[in-house]
Amino acid sequence: MKRSIAHITASSLAIASLAIVAPSLLAGCGSSWAGPSFTPSVLETLDLPSAMADPYPLDLGRTWVYHSLDQNDGQAPQVAPDQKFWVAQQVSSGVVIRRSYGSWEAPATLARKTAESVVLSRYVDSGPPATDSITILRFPLMVGAAWPGRQLVGATERIEVAGFESVDVPAGRFEAWHVQHHLTYAAGGGDTLDYWYAPGVGMVEAIERATMLSGGQAHHYQVTASLATCSVTPS
């Protein structure tokens, strides 16, 4: 099948997100956050303590499991293997996030978090480090904030904070930052990838869409990952 190189598949989930759980489990998955402060005007309509919590916790031993659904060309969604993320190790440049999709272990991700941003790239166990990266969050988070995404051949990517919303997933209901990745293709059209990050928890849901070209026809795919469980194992 011929694919347009700009069109993104579900592999971006490995890079894009992290993110967790019913209120009864939240205390076990929470973490302190020494990141940027917010001005009252930014969060005047939000729960200030909640919205200020760390939206991308990266303590060693933290694990997230997501139920997945695949949908092709508008057909009924099909249950797919669960996706598992875990913070596996700390390295000089950040932390390494491992990911599995059913029995398949995907390439690892390097996550670098500062008071200004969260930047993800492919982690290479040996050899020169990967040069591609994406800034998935830029602080302070506020609705309407936007920044450039990845450098893609045949496409442009723009990332935007779309809102602070309630999200229902198998793990429970969360208030979460809604971040959208807008892909615009040079050949026309585009796709939107949606991610929700719950403060103090991480990514609680992702909806990734991809357009692929085959035989001159455009085929549309969607992968939804919804948080099912979270745990923190002391390192």
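The values are calculated or read from the model by the stated rules, or taken from the named source; none is laboratory data. Note that this is a predicted model, so its numbers are computed, not measured. Here the Cβ is made from the backbone with ideal geometry for all residues, glycine too, and neighbour counts use every protein chain on show.
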Inspect the range 93-109 for any residue being among the acidic types (Asp, Glu) and within 19 Å of residue 212 (Cβ to Cβ) and give the result as yes or no. no
Could you please give the count of residues in the range 209-228 that are modelled with pLDDT under 95 and at negative phi? 13
I'd like the full set of residues that are assigned to a strand (DSSP E or B) and farther than 13 Å from residue 94 by Cα, limited to the range 104-127. 104, 105, 106, 107
Just to be sure, is residue 146 of a type in the set (A, V, I, L, M) and either touching a Gly at 6+ places or on another chain (Cβ under 9 Å) or farther than 20 Å from residue 207 by Cβ (or both)? no
Which of the residues spanning the range 164-176 are part of a strand (DSSP E or B) and surrounded by fewer than 24 Cβ atoms within 10 Å (Cβ to Cβ)? 164, 165, 166, 167, 168, 169, 172, 173, 175
Scan of the range 114-127 for residues that are over 14 Å from the mean Cα position of the chain (by Cα) and surrounded by 20 or more Cβ atoms within 10 Å (Cβ to Cβ), ordered by number: 123
Yes or no: the range 70-91 includes at least one residue that is surrounded by fewer than 17 Cβ atoms within 10 Å (Cβ to Cβ), among the aliphatic types (A, V, I, L, M), modelled with pLDDT of 80 or more and not in a strand (DSSP E or B). yes
Single unsatisfied condition, residue 192 versus (1) in contact with a Ser or Thr (Cβ under 9 Å, 6 or more places away or on another chain); (2) part of a strand (DSSP E or B): (1)
